[in-house]
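Visitor: One structure follows; several queries about it will come next.
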Amino acid sequence: YVWYPNVLTPVKNSAEVICSQIRPLSKDHKKLLIAVTTKVLPKQLGITNATHEEINNIVDGAGGSAKACKHAVGHVVSDRARLGWTTGGHTGVDVGLYAYGAGSSTIRGNKDNTYVGQLLADFLDVKPESITPLLANQKTVQEGFDENLVDVKAGKSSSV
C-alpha cells in the first residue's frame with residue numbers, strides 16, 4: 001500500500017490542541033474560517049493547498065462536539081497521508097505481541113500499548129529521534145500498485 005509520511009512532518013499540534021483553540025470560535029463563522037485558513041491549516045498542519053471540502057469539514061467539525069472536531073481535523077491529515085484507522089480512538093487495552101526467533105522472548109506477550117514503540121526501538125537497536133528524519137520523506141509503494149492512480153498533493157485516489 002502507498003502512504004505519504006511527508007504529510008505528517010509539518011504537523012505541529014494534535015487535533016485535540018487545535019480543536020481546543022478553534023471550537024470557542026464556532027459562534028463566529030467568519031473568525032473561525034479565518035483561523036482555519038490562516039492558522040490551523042498552514043501553520044499547525046502544514047497544509048497550504050487545502051480544498052474547500054477540507055476547510056468546510058474542519059469548520060463544520062469545530063461547530064460540533066469535541067470528538068467531531070478532532071475527527072474532522074485528523075481526517076484531513078490522515079486522508080492526505082493515506083493513513084487508515086481501525087478504531088475511532090485509543091483504548092487502555094494491552095497489546096498482544098507475537099514473535100518467534102532469536103531474542104523474541106523479550107518482546108513476546110501482552111504489553112502496555114504506550115510501551116510498544118520503545119520496546120521495538122530497543123529490540124531493533126534504533127534511535128527513533130535519529131531515524132525519523134531519514135524516513136520522513138520516504139515514500140513506500142506496494143509492489144504492483146499503480147502510483148499514477150494517486151494524486152500525490154491531495155493524497156487521494158483518482159477515479160478509475
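The values are calculated or read from the model by the stated rules, or taken from the named source; none is laboratory data. Owing to the predicted nature of the structure, the values given are computational and were not obtained by experimental measurement. When we count neighbours, we look across all protein chains shown, and the Cβ atoms used for this are built from the backbone with ideal geometry, even at glycine. Ligands, DNA and RNA are excluded from the accessible area calculation, which covers all protein heavy atoms including side chains. Shrake-Rupley method; radii C 1.70, N 1.55, O 1.52, S 1.80 Å.
Visitor: Show the residue pairs meeting these rules: Cβ distance below 8 Å; 6+ apart or different chains; first residue within region 67-79 and closer than 12 Å to residue 18 by Cα; second residue modelled with pLDDT of 95 or more and open to solvent by 40 Å² or more (accessible area, probe 1.4 Å).
Guide: Hits for this filter: 69/23; 72/57; 72/60.
Visitor: Same structure, new question: Need pairs with beta-carbon distance below 7 Å; first residue under 15 Å from residue 99 (Cα atoms) and within region 114-127, second loosely packed, with under 13 Cβ neighbours inside 10 Å and among the hydroxyl-bearing types (Ser, Thr, Tyr); sequence gap 6+ or separate chains.
Guide: 123/106
Visitor: Out of everything in region 37-52 that is in a loop (DSSP other than H, G, I, E, B) and open to solvent by 40 Å² or more (accessible area, probe 1.4 Å), what residue ends up being farthest from residue 12 (Cα to Cα)?
Guide: Looking at residues that are in a loop (DSSP other than H, G, I, E, B) and open to solvent by 40 Å² or more (accessible area, probe 1.4 Å), I get 51.
Visitor: Can you name every residue in region 25-50 that is touching a helix residue (DSSP H, G or I) at 6+ places or on another chain (Cβ under 9 Å) and more than 28 Å from residue 133 (Cβ to Cβ)?
Guide: Correct list: 25, 26, 29, 31, 32, 33, 34, 35, 36, 37.
Visitor: What are the pairs, 6+ residues apart or on separate chains, where a residue within region 7-33 that is outside any loop (DSSP other than H, G, I, E, B) has its Cβ under 7 Å from a residue that is open to solvent by 90 Å² or more (accessible area, probe 1.4 Å) and basic (Lys, Arg)?
Guide: These pairs meet every condition: 25/31.
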